[in-house]
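Undergrad: What follows is a single structure, and I will ask about it in a moment.
The values are calculated or read from the model by the stated rules, or taken from the named source; none is laboratory data. Just so it is clear, the model here is predicted, and its values are computed rather than measured. Glycine also receives a Cβ, built like all others from the backbone with ideal geometry; neighbour counts cover every protein chain displayed.
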Amino acid sequence: MIYKQEFRAMGCHMLAALDSASFEPAQELEKVPDWFEQWEAVLSRFRPESELSRLNISPEISHPVSETMLSVFQAAVQAERESRGLVTPTVLEALVSAGYETSFDSLPRAQYAPATSDLPRFTLAEVAWTVTPPSLRLPAGLRLDFGGIAKGWAAQQAMQRLAAFGPALVNAGGDIAISGPLLDGEPWPVDIRDPFHPGESLGLLMLGRCGVATSGQDYRRWQQNDAWHHHIIDPRSGLPAETDVISASVIAPTVLKAETAAKCALILGSSAGLDWLEARPSLAGMLLLKDGRLVYSSRFMQYLWS
Amino acid sequence: MQNNQPSKRKSLFDMRDVKRLIFVLAISSTLGFWALFSSKLNLSSFVAASNSVTASSTPPSQAQELLVLDLPPLPTLIPTAAALTMTDKPASAPAPVQKPIGSLPAQGVVVSAPQAPAGGNTRFSRSSGGGNQSRSNQPAAVTSTGSSQ
């Protein structure tokens, strides 16, 4: 029996599911919204009182930070390293310049402010940090926004906590962490949403222990000076990525790797993105292009229901 | 003088009869009480024996069977329905457990039964550009992935 808990957090729809023969273990699901609330209170850039906001407004000072903050920061360092700088939390200024200043729910969809690419570029190598005691020190001019990394990290954490009670799946706004097959040994059926046809599916994935994530420019987009912008910033240009990929869905050993790879493939575009996926044997991806075509990496088909 | 002796003898005889009567009454009442208490003891032991047989579901001993046969039935001492319920149930049957109220599904937690894959023999062609490819034997998705919403 699959028990589900659905709620909204981090500006996204969340779902936690647990396969259990009895209800008692599934009661753990009721704790999941509180976990996400605690993490959001630390990691949100839209909450002035959050740990991240306090860190961002006080650069060049070494801040003692929570284990949560340090863990997410380390995940971001890993993502930046794996993507060779394409996926980084250091592009907040570019994101704000492009118009993504407030939470997406309250973001004006039409704006009239110039986006600029003349912004200082940073990498996480410029952040001083220690593990014992946990501390972070940002250079002047850098603000962090963990974005999808925070969602993937939260999905992974929640899944690991639930996995003690049975096969678990946590979906944090499209970033999905799966602990392993269902109790009967079958894989979890997971749909890929079709952004062109809401309510329809691009395919059904049958997944065991893994992570899957989709990065897209189809939903979080807005108009600035009569031009459409989206929230995927290409750190090379400091502007929303110009790409022929509408959305990229990637299956990886963990949801954090899947999130990083999906964003990387989207920024690189269909040709370079597929090459990037093929060069990594642990990844499988599917790209939806602007012209409506679907392209797959060679390992993706084995996960599709047929 | 001679007239007084028979009357005296008569009076003594009467006293002896009274004593004899009292003796007989004492003996008979003693025997009666003994018989009565003896019956109550048997009743008590019968009830105890019946209860223990019912509760343990073990066959009564031969002596107990004889005792049961000798005594009249006691219809009101053992509830018939309860006794039947207990004795008719197999010893290995699990006791029904009522769920406490606190364990009822909480609001917000949705229960669903997964639909297992049908075996993978059915094929379908994939059309570029998407569209709904659901089939009748396709398992229902637990969730979906897409751009953050």
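Undergrad: Any residue in region A:256-266 that is acidic (Asp, Glu), in a helix (DSSP H, G or I) and either farther than 17 Å from A:Asp194 by Cα or more than 12 Å from every other protein chain (Cβ to nearest Cβ) (or both)?
TA: Taking every residue of region A:256-266 in turn, at least one turns out to be acidic (Asp, Glu), in a helix (DSSP H, G or I) and either farther than 17 Å from A:Asp194 by Cα or more than 12 Å from every other protein chain (Cβ to nearest Cβ) (or both).
Undergrad: Inspect all residues belonging to region A:65-86 and state whether any of them is closer than 18 Å to A:Gly152 by Cα, at the interface with chain B (Cβ under 10 Å from one of its Cβ atoms) and without any contact (Cβ under 8 Å) to a residue 60 or more places away in the chain.
TA: no
Undergrad: Starting from residues that are of a type in the set (A, V, I, L, M), facing another protein chain (nearest Cβ under 8 Å) and assigned to a helix (DSSP H, G or I), keep the ones in region A:1-44 and report whichever is farthest from A:Arg143 (Cα to Cα).
TA: Ranking the candidates gives A:Ala26 first.
Undergrad: Could I ask something else about it? Might you check whether a residue that is at pLDDT 95 or above, surrounded by fewer than 20 Cβ atoms within 10 Å (Cβ to Cβ) and either not aromatic (Phe, Trp, Tyr) or not in a strand (DSSP E or B) (or both) occurs anywhere in region A:231-238?
TA: Scanning region A:231-238 turns up no residue that is at pLDDT 95 or above, surrounded by fewer than 20 Cβ atoms within 10 Å (Cβ to Cβ) and either not aromatic (Phe, Trp, Tyr) or not in a strand (DSSP E or B) (or both).
Undergrad: Could you say whether any residue in region A:65-81 is buried (at least 18 other Cβ atoms within 10 Å of the Cβ) and part of a loop (DSSP other than H, G, I, E, B)?
TA: For region A:65-81, residues buried (at least 18 other Cβ atoms within 10 Å of the Cβ) and part of a loop (DSSP other than H, G, I, E, B): present.
Undergrad: Mind checking whether some residue in region A:8-20 is more than 16 Å from the chain's Cα centre (by Cα), surrounded by fewer than 15 Cβ atoms within 10 Å (Cβ to Cβ) and among the polar types (S, T, N, Q)?
TA: Looking for residues that are more than 16 Å from the chain's Cα centre (by Cα), surrounded by fewer than 15 Cβ atoms within 10 Å (Cβ to Cβ) and among the polar types (S, T, N, Q), one finds none in region A:8-20, hence no.
Per-residue answers, yes or no, for (1) modelled with pLDDT of 95 or more; (2) among the small types (Gly, Ala, Ser); (3) crowded, with 24+ Cβ neighbours inside 10 Å:
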| residue | (1), (2), (3) |
| --- | --- |
| A:Thr116 | no, no, no |
| A:Trp129 | yes, no, no |
| A:Pro139 | yes, no, no |
| A:Arg143 | no, no, no |
| A:Met159 | yes, no, yes |
| A:Ala172 | yes, yes, yes |
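Undergrad: Would you say A:Ala98 is touching a Leu at 6+ places or on another chain (Cβ under 9 Å), at pLDDT 95 or above and crowded, with 20+ Cβ neighbours inside 10 Å?
TA: no
Undergrad: Quick one: in region A:184-202, of everything that is over 21 Å from A:Leu289 (Cβ atoms) and more than 22 Å from the chain's Cα centre (by Cα), which residue is surrounded by the most Cβ atoms within 10 Å (Cβ to Cβ)?
TA: Out of the qualifying residues, it is A:Pro187.
Undergrad: Assess whether A:Pro181 counts as being touching a strand residue (DSSP E or B) at 6+ places or on another chain (Cβ under 8 Å) and not in a strand (DSSP E or B).
TA: Yes.
Undergrad: Further question on the same structure: Counting only residues that are touching a residue at least 40 places away in the same chain (Cβ under 8 Å) and of a type in the set (Val, Ile, Thr), how many does region A:1-56 have?
TA: 2
Undergrad: Output the residues belonging to region A:132-160 that are over 30 Å from A:Lys4 (Cα atoms) and touching a Leu at 6+ places or on another chain (Cβ under 7 Å).
TA: Correct list: A:Pro134, A:Leu136, A:Leu138, A:Arg143, A:Leu144.
Undergrad: Further question on the same structure: Being within 18 Å of A:Ala252 (Cβ to Cβ) and within 12 Å of another protein chain (Cβ to nearest Cβ) is the filter here; which residues of region A:155-170 pass it?
TA: Within region A:155-170, A:Ala155, A:Ala168, A:Leu169, A:Val170 meet the criteria.
Undergrad: Here is a follow-up. Go through the residues of region A:249-260 one by one and say whether even a single one is more than 17 Å from the chain's Cα centre (by Cα) and surrounded by fewer than 17 Cβ atoms within 10 Å (Cβ to Cβ).
TA: Taking every residue of region A:249-260 in turn, none turns out to be more than 17 Å from the chain's Cα centre (by Cα) and surrounded by fewer than 17 Cβ atoms within 10 Å (Cβ to Cβ).
Undergrad: Look through A:Ala140, A:Ala163 and report the one residue that is outside any loop (DSSP other than H, G, I, E, B) and either in contact with a helix residue (DSSP H, G or I) (Cβ under 9 Å, 6 or more places away or on another chain) or of a type in the set (A, V, I, L, M, F, W, C) (or both).
TA: After ruling out the rest, the residue left standing is A:Ala163.
Undergrad: Any idea how many residues of region A:171-196 are among the polar types (S, T, N, Q) and either more than 7 Å from every other protein chain (Cβ to nearest Cβ) or without any contact (Cβ under 8 Å) to a residue 12 or more places away in the chain (or both)?
TA: 1
Undergrad: Oh, and also: When you scan region A:271-288, do you find a residue that is facing another protein chain (nearest Cβ under 9 Å) and either modelled with pLDDT under 95 or in contact with a strand residue (DSSP E or B) (Cβ under 9 Å, 6 or more places away or on another chain) (or both), even just one?
TA: Yes, because at least one residue in region A:271-288 is facing another protein chain (nearest Cβ under 9 Å) and either modelled with pLDDT under 95 or in contact with a strand residue (DSSP E or B) (Cβ under 9 Å, 6 or more places away or on another chain) (or both).
Undergrad: Then there's this: So A:Gly199 passes all but one of these: (1) within 11 Å of another protein chain (Cβ to nearest Cβ); (2) on the phi > 0 side of the Ramachandran plot; (3) at pLDDT 95 or above. Which condition number does it fail?
TA: Result: A:Gly199 passes all but (3).
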